[in-house]
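Each remark here refers to the structure printed beneath this line.
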Amino acid sequence: MPYGTACCGIELMSVMGPKYDLARFGAEVVRFSPRQADLLIVAGTITEKMAPILVHIYEQMLDPKYVISMGACASSGGFYRSYHVLQGIDKVVPVDVFVPGCPPTPEAVLDGIMTLQRMIAEHTPRPWRENWKRPAFIKSPL
Amino acid sequence: MEQIENLKSDLSQFASGARGAEALPPQTLEKFKFFTTPVGDDVLEIPREAVTALFRHLKESGRYDFVMDVTCVDYPTREKRFDVVYHLFSSKTFSRLRVKTQVGEGETVKSITGIYRAANWFEREAWDMFGVVFEGHPNLTRLLTHHEFVGHPLRKDYDADHQQHCSVAMPLHFAPDAKLVGEGRQLVPLNIGPSHPATHGTLRVMAEIDGETIARAGVEIGYLHRCFEKMAETHPYNQVIPYTDRLNYCSAPLNNVAYCKTVERMLGVEIPPKAQAMRVILSELSRVIDHIVCIGANAVDLGALTGFFHLFTYREMVYTLFEKLCGARLTVSLTRIGGMANDAPEGWFDDVLDTVKKIRAGVDTLDGLLTGNKIWQQRTQGVGAISAEDAISWGYTGPLLRAAGVGLDLRKSQPYYIYDQLDFKVPVGTTGDVFDRYLVRVAEMRESLSIIEQVCKNVPAGDYTIRDKAIVLPEKRSLRQHRRPHESLYVGDQRASSSCRRNLRRDRSGQWRAWILLGERWLGTSVSSQGSPAVLLNLSIVPGSNHGRTIGRCHRDLGFDEPDRG
């Protein structure tokens, strides 16, 4: 499931596009419903206003589920050390792979996805996922 | 200058008339200050009591039909702390006016939403950011920050990195004036976005639906409010350029140009002809790739995947051109204050010509794929139609405005750089519906390609940047010879050098503004010694326009409103 919010979302389009063609690496179908997705790619800045929605969507996904944080903003807030930007999505959801760049090149995103594929194949332990709890400052929407 | 004199006599005439005397008594008019800044901006300073009377007169007399921005500037040490700044524009004479009024802490200023509809979101934003209360505003709630946010972040005493978490997504809500179509039926609340393919992660539509029909809709933005203004306040001038890349990341160079042009105007700097030509080429390439994202992504939303794959091939070609210039694909930061970051590599202009030829063939294919396509026509025609008057009143700019039949293009009406020497047309639509917006964009892509060809065949010789050491860093190889710090925009604090400072001191207003035409709307960048924001406004119509439409139509309309906004 693509969670494109900003510049990285546009580069993610290139990853899906004809030149880089994510399909070659065993992942292609984009699902906009969290219930049908197993991988959440957060591509773009997540603001404080957006954070509860991101958590909500992550919780709606069915297990097993994985998260890739694409780019500097999603990974750390990037160069927005500012009042309305979440300083990294790992503060609210468990991240499996961080892809650096602002935005990352499509090659880097492909490498991130292949890294995750390798982790899954090798049964890499995921303590960040197993120990994850919804952060205290985010309430359940229900 | 002439305009301000005209305005002066017009206002005194108005005040001496029967209706005007009541609204604008002579003792109020005496407090008006008219002046023109050294760079030629007309400014009018008024007391806050006169706001409604003045704007009503300016609108009703037809002098200014557009309000381009309402914002504030904070001077914490001044007795009356805030300047509320209004930017007006006339689509007939292309003249602009800046109106300023001082407001103290705890004081209010009358809302002009009843006069200019476009002021609605601007005033909400100004309240959100600065805490200035606009009396009589129908819905003075937070626009950009989240609903649990405390304080007003663009005030100088708010720390840039003081984050406040939001605990829960804002519940479904509607503006008090949101009309309900067909009352008495059982309605289902439906949330569209912000994580939705048609809203691009930035916009949330809250709807109440009766079957497939939307009975009432509200809209919420700010999901991508990344605090550009506050970031710009905390960085030196040149370090702001990377932020401008990300204002509209579909066409980064256009934003670089808009920002640098403003600072250059402030410093009184003219960039060399070669830099101008390069900026025009980059701007037009950006416009093309911006339209590619818009048409390609929206065709996907409407069920046509081929267009996206086809068009992105050409977008990649333009990325390759950018990479040759600077190494980056999307966020390029290509300009510097005073010119370009570096010269074009050998043969780059020939590469551009080559790529333009390929894109032209691609646009023809796209035209063949969509324009005559019955499915495409039926899904777009008549959706989101808007009249020219409404488009102006809601503050539409860019292709959306031109699709509605207003042939306003800054490159023609107020030509900057070398646009007055170029041959191009301004495509205009008739109904403003999605099909027209699509057609205008396709035609604009062709015009842009033709502009690029004209410039590339005739690139002026010379330097790519000015060489004023006070503004531009010397090239690296010369730095090796003279290891001496330069007094420049890069050294010390953000203030400009001595020669520039003289220029600044002459300007009473302390504010500068320049405009260029972006891919999908106008961008006016304001720089003031204290910082001030600019907001873009092609979306504020969404709540009103959705009443009584089906959900599918809403999606189709949304995509072509281009909601990507940093």
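The values are calculated or read from the model by the stated rules, or taken from the named source; none is laboratory data. This structure is a prediction, so every number in the text was calculated from the model and none was measured. Note that we place each Cβ from the backbone using ideal geometry, even for glycine, and neighbour counts take in every protein chain shown. Keep in mind that these areas ignore ligands, DNA and RNA; they rest on the heavy atoms of the full protein, side chains included. Shrake-Rupley method; radii C 1.70, N 1.55, O 1.52, S 1.80 Å.
Every listed requirement among (1) over 29 Å from residue B:75 (Cα atoms); (2) within 25 Å of the chain's Cα centre (by Cα); (3) open to solvent by 20 Å² or more (accessible area, probe 1.4 Å) is met by residue B:198 save one, (3).
Does residue B:162 count as at pLDDT 90 or above, in contact with a Leu (Cβ under 8 Å, 6 or more places away or on another chain) and within 9 Å of chain A (Cβ to nearest Cβ)?
Working: at pLDDT 90 or above: yes; in contact with a Leu (Cβ under 8 Å, 6 or more places away or on another chain): no; within 9 Å of chain A (Cβ to nearest Cβ): yes.
Considered against the rule, which asks whether it is at pLDDT 90 or above, in contact with a Leu (Cβ under 8 Å, 6 or more places away or on another chain) and within 9 Å of chain A (Cβ to nearest Cβ), residue B:162 comes out as no.
Hey, can you tell me all the residues within the stretch B:450-469 that are aliphatic (A, V, I, L, M) and either assigned to a loop (DSSP other than H, G, I, E, B) or surrounded by fewer than 20 Cβ atoms within 10 Å (Cβ to Cβ) (or both)? Steps first, answer last, please.
Residues of the stretch B:450-469 that are aliphatic (A, V, I, L, M), as a first pass: B:451-452, B:455, B:459, B:461, B:466.
B:459, B:461, B:466 - these are the residues of the stretch B:450-469 that are aliphatic (A, V, I, L, M) and either assigned to a loop (DSSP other than H, G, I, E, B) or surrounded by fewer than 20 Cβ atoms within 10 Å (Cβ to Cβ) (or both).
Only one entry of B:382, B:362, B:407, B:372 meets the criterion of being assigned to a loop (DSSP other than H, G, I, E, B) and in contact (Cβ under 8 Å) with a residue 40 or more places away in the chain, and that entry is B:382.
Only one residue in B:383, B:332 is within 21 Å of residue B:283 (Cβ to Cβ) and among the β-branched types (Val, Ile, Thr), so which one is that? Among B:383, B:332, only B:332 is within 21 Å of residue B:283 (Cβ to Cβ) and among the β-branched types (Val, Ile, Thr).
List the residue pairs whose Cβ atoms are under 9 Å apart, where the first residue sits in the stretch B:411-428 and is surrounded by 18 or more Cβ atoms within 10 Å (Cβ to Cβ), the second is in a helix (DSSP H, G or I) and aromatic (Phe, Trp, Tyr), and the two are 6 or more positions apart or on different chains. So the pair list comes out as B:411/B:419.
When the stretch B:247-272 is filtered for residues that are farther than 15 Å from residue B:289 by Cα and either of a type in the set (D, E, K, R) or assigned to a loop (DSSP other than H, G, I, E, B) (or both), the ones remaining, listed by number, are B:247, B:261, B:264, B:265, B:268, B:269, B:270, B:271, B:272. Each residue in the stretch B:107-129 was checked for being over 18 Å from residue A:49 (Cβ atoms) and either of a type outside the set (Ser, Thr, Tyr) or surrounded by 19 or more Cβ atoms within 10 Å (Cβ to Cβ) (or both), and 16 of them qualify.
One line per residue, one yes/no per condition, for (1) within 14 Å of chain A (Cβ to nearest Cβ); (2) open to solvent by 10 Å² or more (accessible area, probe 1.4 Å); (3) farther than 23 Å from residue B:260 by Cα; (4) at pLDDT 95 or above:
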position: B:339; (1), (2), (3), (4): no, no, no, no
position: B:353; (1), (2), (3), (4): no, yes, yes, yes
position: B:379; (1), (2), (3), (4): no, yes, yes, no
position: B:403; (1), (2), (3), (4): no, no, yes, no
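Just one of (1) part of a helix (DSSP H, G or I); (2) at pLDDT below 90; (3) more than 14 Å from chain A (Cβ to nearest Cβ) fails for residue B:306. It is (3).
Table: residues versus (1) under 28 Å from the mean Cα position of the chain (by Cα); (2) more than 14 Å from chain A (Cβ to nearest Cβ); (3) open to solvent by less than 10 Å² (accessible area, probe 1.4 Å).
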residue	(1), (2), (3)
B:318	yes, no, yes
B:334	yes, yes, yes
B:342	yes, yes, no
B:349	no, yes, no
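Note on the stretch A:16-56: residues that are within 22 Å of residue A:117 (Cα to Cα), among the β-branched types (Val, Ile, Thr) and within 14 Å of the chain's Cα centre (by Cα) total 3. Being in a loop (DSSP other than H, G, I, E, B), open to solvent by 10 Å² or more (accessible area, probe 1.4 Å) and within 14 Å of chain A (Cβ to nearest Cβ): is that true of residue B:93 here? No, not satisfied.
Here is the figure for the stretch B:417-473: residues that are of a type outside the set (D, E, K, R) and farther than 30 Å from residue B:373 by Cα total 20. Looking across the stretch A:105-125, the residues that are among the hydrophobic types (A, V, I, L, M, F, W, C) and without any contact (Cβ under 8 Å) to a residue 40 or more places away in the chain come down to A:108, A:119, A:121.
The set of residues from the stretch A:17-33 being acidic (Asp, Glu) and within 10 Å of chain B (Cβ to nearest Cβ) comprises just one member, A:21.
Given B:169, B:232, B:215, which one is part of a loop (DSSP other than H, G, I, E, B) and of a type in the set (A, V, I, L, M, F, W, C)? Quick ask: steps written out before the conclusion?
On the way: B:232 fails: part of a loop (DSSP other than H, G, I, E, B); B:215 fails: part of a loop (DSSP other than H, G, I, E, B).
The match here is B:169.
Residue count for the stretch A:110-142, restricted to those that are more than 14 Å from every other protein chain (Cβ to nearest Cβ) and hydrophobic (A, V, I, L, M, F, W, C): 9.
Every residue, every condition in (1) closer than 25 Å to residue B:245 by Cβ; (2) within 12 Å of chain B (Cβ to nearest Cβ), yes or no:
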| residue | (1), (2) |
| --- | --- |
| A:56 | no, yes |
| A:64 | no, no |
| A:67 | no, no |
| A:72 | yes, yes |
| A:76 | yes, no |
| A:83 | yes, yes |
| A:86 | yes, yes |
| A:93 | no, no |
| A:101 | yes, yes |
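Can you name every residue in the stretch B:142-173 that is β-branched (Val, Ile, Thr) and exposed (fewer than 14 other Cβ atoms within 10 Å of the Cβ)? The answer is B:150, and nothing else. Checking every residue in the stretch B:130-139 against the condition of being open to solvent by 30 Å² or more (accessible area, probe 1.4 Å), touching a residue at least 40 places away in the same chain (Cβ under 8 Å) and part of a loop (DSSP other than H, G, I, E, B) gives zero matches.
Could you identify the single residue in B:98, B:48, B:63 that is open to solvent by 30 Å² or more (accessible area, probe 1.4 Å) and closer than 30 Å to residue B:156 by Cβ?
Numbers: B:98 fails: open to solvent by 30 Å² or more (accessible area, probe 1.4 Å); B:63 fails: closer than 30 Å to residue B:156 by Cβ.
After ruling out the rest, the residue left standing is B:48.
When the stretch B:217-254 is limited to residues that are of a type in the set (D, E, K, R) and more than 7 Å from chain A (Cβ to nearest Cβ), the one that is surrounded by the fewest Cβ atoms within 10 Å (Cβ to Cβ) turns out to be B:233.
Mind checking whether some residue in the stretch B:19-30 is open to solvent by 10 Å² or more (accessible area, probe 1.4 Å), within 26 Å of the chain's Cα centre (by Cα) and over 13 Å from residue B:100 (Cα atoms)? Let's see the steps before the verdict.
Keep residues of the stretch B:19-30 that are open to solvent by 10 Å² or more (accessible area, probe 1.4 Å), which gives B:19, B:21-23, B:25-30.
Imposing the further condition that a residue be within 26 Å of the chain's Cα centre (by Cα) reduces the set to none.
Checked against the condition, which is being open to solvent by 10 Å² or more (accessible area, probe 1.4 Å), within 26 Å of the chain's Cα centre (by Cα) and over 13 Å from residue B:100 (Cα atoms), the stretch B:19-30 yields no hits at all.
Kindly evaluate residue B:176 against the criterion of being more than 14 Å from chain A (Cβ to nearest Cβ), assigned to a loop (DSSP other than H, G, I, E, B) and either open to solvent by 60 Å² or more (accessible area, probe 1.4 Å) or over 30 Å from residue B:48 (Cβ atoms) (or both). In short, yes.
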